[in-house]
Amino acid sequence: MIGIIDYGMGNLYSLSKALERLGYSYEFVSVPERLQEYSGLILPGVGAFGDAIANIRELGLDRAIEAYVASERPILGICLGMQLLFDKSEENGENTGLGLIHGEAVRFRGDYKVPHMGWNQLRPKQEHPLLEGVREGEYVYFVHSYHVLCEPDVLLATSDYHQEVTAIVGRGQVYGMQFHPEKSGETGMRLLRNFAVQCEGVLA
């Protein structure tokens, strides 16, 4: 079963409905001790980085997430949830993240519209089970004002918005998607299914 981490700042409804359509069981979880019960976790996120990481720490979920990752089971961060996996963000002053992947979230800078909002194409950077069946140029749905700078070895796919934009990352069993797969049509559903497949057979 997949646990959707509820820390008060996630798009829980559409994500849970997407998992239902795929036929995967899930539960919302906000108690740190219960995270270890799941074969996979999803960390959603909508809103400001500082508020989100403060909520996570207040609930004691940061240490529980670290312990879960140490057990080498899959976790997926979505949108702000992906940014929280990294070392820090400059949103509203520097805030430290979970530090599960090295990198930082910075604001888009330039004479163009911010946030990056709408459908944009994926550019796979390497072969990976998470990208199974996803082709170059497929569209997914983004809504974000900050983007992640990270090392090339964790980049699974990028997009382009006046520069190369980190779209999908992976380090071990820690994954992130900057866009909303649950709002990204067939491509998003395929990506969610690929993550759920990573969770199958994992002992909770």
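We did not get these values from a lab; they are worked out from the coordinates using the rules stated. Since we're looking at a predicted model, the values are computed, not measured. Glycine also receives a Cβ, built like all others from the backbone with ideal geometry; neighbour counts cover every protein chain displayed.
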Query raised in the report: Got a sec? Charge dipole of segment 83-204, +1 on Cβ for Lys and Arg, -1 for Asp and Glu; which of Ala157, Ala167, Val140 is way out at the positive end?
Result: Val140
Report task. Could you work out how far apart the two model spin labels at Arg63 and Asp87 are, taking each label as a point 7 Å from the Cα in the direction of the beta carbon, and quote it in nm? Result -> 2.4 nm
Report summary line: The set of residues whose placed amide H lies less than 5 Å from the amide H of Ile2, leaving out same-chain residues fewer than 5 positions away, is Ser25, Tyr26, Glu27
**Report entry** Eligible aspartates and glutamates near Lys113 by straight Cα distance, threshold 16 Å, same-chain separation 8 or greater
**Finding:** Asp160, Glu164
Query - Kirkwood Rh in Å, taken over all unlike Cα pairs in segment 122-179 - result: 11.6 Å
Report summary line: In Å, the Kirkwood estimate of hydrodynamic radius for segment 1-114 over Cα pairs equals 14.5 Å
Query raised in the report: What translational diffusion coefficient, in µm²/s and rounded to a whole number, does the Stokes-Einstein relation yield for segment 2-199 at 10 °C and a viscosity of 1.306 mPa s, taking the hydrodynamic radius as the Kirkwood radius over Cα pairs?
Result: 96 µm²/s
Query raised in the report: Under the Karplus relation 6.51 cos²θ - 1.76 cosθ + 1.60, θ = phi - 60°, what is the ordered set of whole-Hz ³J(HN,Hα) values for segment 104-120, x standing for Gly and Pro?
Result: 8, 9, 10, 6, 4, 10, x, 8, 8, 5, 10, x, 6, 9, x, 7, 8
**Report entry** Residue-by-residue Karplus 3J(HN,Hα) for segment 17-26, coefficients 6.51, -1.76, 1.60, Hz, glycine and proline x
**Finding:** 5, 5, 5, 4, 5, 7, x, 9, 6, 8
Query raised in the report: Which number comes out as Rg/Rh for segment 54-113 once both Rg and the Kirkwood Rh are worked out on C-alpha atoms?
Result: 1.04
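Can you give the % of DSSP beta bridges in the chain that are antiparallel, to the nearest 5?
Close to 60 percent.
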**Report entry** Low-density loop positions, trypsin sites (Lys or Arg not before Pro), segment 91-200 - DSSP coil, at most 10 other Cβ in 10 Å
**Finding:** Arg109, Arg135
Requested in this report: Enumerate the amide H contacts of Leu156 below 5 Å, restricted to partners 5 or more residues apart or on another chain; note that Pro and chain-start residues carry no placed amide H.
Outcome: Ile168, Val169, Gly170
Report summary line: Measuring from its Cα centre, segment 2-199 shows a charge dipole (+1 at each Lys and Arg Cβ, -1 at each Asp and Glu Cβ) which, in debye to the nearest 20, is 380 debye
